[in-house]
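Just so it is clear, none of the values below were taken in a lab; they were calculated from the coordinates. A quick note: this is a predicted structure, and the numbers were derived from the prediction, not measured. Glycine gets a Cβ as well: all are built from the backbone with ideal geometry, and neighbour counts include every protein chain shown.
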Amino acid sequence: MRTQFVIAAAVCSAALLLAGCESNAPEAIPSDGATGVGSELLVPEMLPTDAATGAVSGGIANDLDMEALTERRDPERLLRYYTSAIRLGDWIDAAKAWSLDAQMSPEKLRDEFGGKAGPKIAVGKGDIAGAAGSLYYEAPIVVDFADGRPSRRGTIVLRRVNDVPGASEEQLNWRIERTSTLTQ
């Protein structure tokens, strides 16, 4: 009798979870098999931007989740911070998402993503893997430009030290280590 109750409760819970899913979930973009990235990317909600600077227009708040820079559990939080900073044209804060070893600068980001229209960046669900005292998070990424530049597709890799004794605060937080994208 108890087993039947547990099974019934599990079925009801699953049904409630499914019923709570909204029908307006983010649109998925299929990947091309050439990049070896996942089968779909989640497209984040895009904010209207000023065409000249990439800055958010129309009085929409451009507050960034600065706490994402101290994130140790959720690498996707840092990715949301980074893509928001890029869309806002906030090159200084976007550069803070990168590891010091990557030597990323606000100028490099402006040269890569700046222009007449801010880019639309879609980052898909990634995977975490451990290696040699570090955790890595690799996710598919698509960058589309509204000003006619070709789209790019590839991967973005984040890294953090896996709570190793003696690690610095900076090493314990998720940071972007590298991106690999190809023009489409």
Residues being more than 21 Å from the chain's Cα centre (by Cα) and in a loop (DSSP other than H, G, I, E, B) - total across segment 142-172:
9
Please go through segment 104-135 and pick out each residue that is at positive phi and surrounded by fewer than 17 Cβ atoms within 10 Å (Cβ to Cβ).
A132, G133
Say we look at segment 151-166 and pick out the residues that are within 22 Å of G118 (Cα to Cα) and polar (S, T, N, Q); which of these is surrounded by the most Cβ atoms within 10 Å (Cβ to Cβ)?
T155
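With respect to D111, is the statement that it is within 14 Å of the chain's Cα centre (by Cα) and free of Cβ contacts under 8 Å to residues at least 24 places away in the same chain true? Talk me through it step by step, then tell me what you get.
Values: within 14 Å of the chain's Cα centre (by Cα): no; free of Cβ contacts under 8 Å to residues at least 24 places away in the same chain: yes.
No; evaluated as a whole, the condition is false for this residue.
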Based on what the data block shows, is E138 closer than 14 Å to R178 by Cα and within 17 Å of the chain's Cα centre (by Cα)?
yes
Segment 79-134, subset assigned to a loop (DSSP other than H, G, I, E, B) and among the hydrophobic types (A, V, I, L, M, F, W, C), residue farthest from P150 (Cα to Cα):
A132
Here the residues within segment 101-151 that are within 15 Å of I86 (Cα to Cα) and touching a strand residue (DSSP E or B) at 6+ places or on another chain (Cβ under 6 Å) are M104, G118, P119, K120, I121, A122, V123, I141, V142, V143, D144
Can you find a residue that is in contact with a Pro (Cβ under 8 Å, 6 or more places away or on another chain) and more than 16 Å from T179 (Cα to Cα) anywhere in segment 109-132?
no
